[in-house]
1. For SER104, are the conditions met, namely being under 14 Å from ALA271 (Cα atoms), assigned to a loop (DSSP other than H, G, I, E, B) and at pLDDT 95 or above?
2. Quickly run through segment 1-18 and pick out the residues that are over 15 Å from ASP275 (Cβ atoms) and either touching a strand residue (DSSP E or B) at 6+ places or on another chain (Cβ under 7 Å) or of a type in the set (Phe, Trp, Tyr) (or both).
3. So PHE253 passes all but one of these: (1) of a type in the set (A, V, I, L, M, F, W, C); (2) at pLDDT 95 or above; (3) surrounded by 15 or more Cβ atoms within 10 Å (Cβ to Cβ). Which condition number does it fail?
4. Considering only residues that are closer than 16 Å to ASN177 by Cβ and among the basic types (Lys, Arg), which ones fall in segment 133-148?
5. Kindly state which strands (runs of 3 or more DSSP E) lie completely within segment 137-235 and contain at least 2 residues that are under 16 Å from the mean Cα position of the chain (by Cα).
6. Inside segment 92-107, can you point out the residues that are under 18 Å from the mean Cα position of the chain (by Cα) and surrounded by fewer than 16 Cβ atoms within 10 Å (Cβ to Cβ)?
7. Checking the condition under 30 Å from PHE185 (Cα atoms), touching a Lys or Arg at 6+ places or on another chain (Cβ under 6 Å), surrounded by 14 or more Cβ atoms within 10 Å (Cβ to Cβ) and touching a residue at least 40 places away in the same chain (Cβ under 8 Å), which residue from ALA268, ALA227 passes?
8. Using the structure shown, decide if LYS79 is charged (D, E, K, R), in a loop (DSSP other than H, G, I, E, B), under 30 Å from SER284 (Cα atoms) and out of contact with any helix residue (DSSP H, G or I) (no Cβ under 7 Å at 6 or more places or on another chain).
Amino acid sequence: MTVNFQNLARRSEIIRAARSFFHLEGFLEVETPIITPEPLPEANIEAIRTESGFLITSPEVYMKPLLAQGAQKIFQITKCFRKNEHGSRHREEFTMLEWYRAHSDYTKLKEDTIKLVRFIAEVLNTQTIERGDKKIDLFSNWEDIQVNAAYQKFAGHPAPTDDFQFDEEMTRLIEPNLGWNKPTFLSDYPVKYCPMSAACPNVPNFCQRFELYIGGLELANGCTELADWEKQRQNIEQEQQRRAQNNMQPYPFPNTFLEAMKTFPPSAGTALGIDRLAMLFTNSPDIQSVLTF
């Protein structure tokens with residue numbers, strides 16, 4: 001395997017710039033464990049088991065309890081792990097940037113995301129991302145399209161209620177068409193696909209969640225967090241049931257997390273893939289080209 005040191009140098013600049021951005025914005029950088037005894041259940045993500053627990057799939061399981069204890073604006077850059085994730089855009093071990101704002105919503109997170117990406121671009125002395133032979137202007141007005149509208153535009157019908165059809169058409173018809181003229185937020189997902197997100201006002205079947213796409217590549221995932229403790233418990237139970245139906249490994253019920261969440265304030269959080277961001281800023285088609293090993 002040949003290491004691309006030019007890409008590694010740019011990756012280092014990206015991480016340094018991201019840290020600078022959040023420090024300048026008044027965020028507290030935190031470090032949380034990468035092993036948890038009680039992972040949060042997700043029907044489409046499998047954690048890697050260790051002798052003492054599970055490697056985290058996201059630092060959410062520890063960062064949200066920090067908000068419940070009074071943290072206001074926090075971020076971290078950490079390793080995460082997801083079993084059986086391989087390919088040109090995936091690795092079982094990857095680097096995540098995750099940040100949270102107490103007493104905020106996903107609208108503010110979108111603003112954060114735009115400012116962050118543009119800040120990094122300025123540090124790298126560029127205004128565009130090249131994806132193949134296409135140049136994407138980061139300083140134009142970013143697009144924001146609702147999930148239902150995206151399905152109507154690219155699939156010819158509203159977002160389907162069948163899980164298989166939703167996922168298959170999202171992968172085949174929706175995602176490849178997003179973020180080519182300008183970065184694109186895909187917003188307001190059906191609530192069944194975001195059990196830990198708050199519902200949209202006056203539209204209870206959809207939730208305040210977004211994903212960011214640049215050049216057909218999903219880069220970030222953010223939402224207004226669900227702050228209702230009882231609904232959190234019910235949704236976790238439903239995710240456990242979905243995992244069992246999918247024959248996935250059983251997890252201990254996350255009682256420690258739920259106990260902490262009794263004082264969780266209205267909040268919003270975003271996860272952004274550092275490896276994928278490095279892919280975009282180096283015009284790399286494969287995630288391996290921005291990794292050391």
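The values are calculated or read from the model by the stated rules, or taken from the named source; none is laboratory data. Computed from a predicted structure; not experimentally measured. Glycine gets a Cβ as well: all are built from the backbone with ideal geometry, and neighbour counts include every protein chain shown.
1. Details: under 14 Å from ALA271 (Cα atoms): no; assigned to a loop (DSSP other than H, G, I, E, B): yes; at pLDDT 95 or above: yes.
For SER104, the condition - under 14 Å from ALA271 (Cα atoms), assigned to a loop (DSSP other than H, G, I, E, B) and at pLDDT 95 or above - is not met.
2. PHE5
3. (3)
4. Of all residues in segment 133-148, those closer than 16 Å to ASN177 by Cβ come to 134, 136, 142-148.
Selection gives LYS134 alone.
5. Working: elements: 143-146, 184-190, 203-214, 217-224.
Strands (runs of 3 or more DSSP E) meeting the threshold: 184-190, 203-214, 217-224.
6. Keep residues of segment 92-107 that are under 18 Å from the mean Cα position of the chain (by Cα), which gives 92-102, 104-107.
GLU92, GLU93, THR107 - these are the residues of segment 92-107 that are under 18 Å from the mean Cα position of the chain (by Cα) and surrounded by fewer than 16 Cβ atoms within 10 Å (Cβ to Cβ).
7. Values: ALA227 fails: touching a Lys or Arg at 6+ places or on another chain (Cβ under 6 Å).
Exactly one of ALA268, ALA227 is under 30 Å from PHE185 (Cα atoms), touching a Lys or Arg at 6+ places or on another chain (Cβ under 6 Å), surrounded by 14 or more Cβ atoms within 10 Å (Cβ to Cβ) and touching a residue at least 40 places away in the same chain (Cβ under 8 Å), namely ALA268.
8. Numbers: charged (D, E, K, R): yes; in a loop (DSSP other than H, G, I, E, B): no; under 30 Å from SER284 (Cα atoms): yes; out of contact with any helix residue (DSSP H, G or I) (no Cβ under 7 Å at 6 or more places or on another chain): yes.
Here the answer is no, as LYS79 does not meet what is asked.
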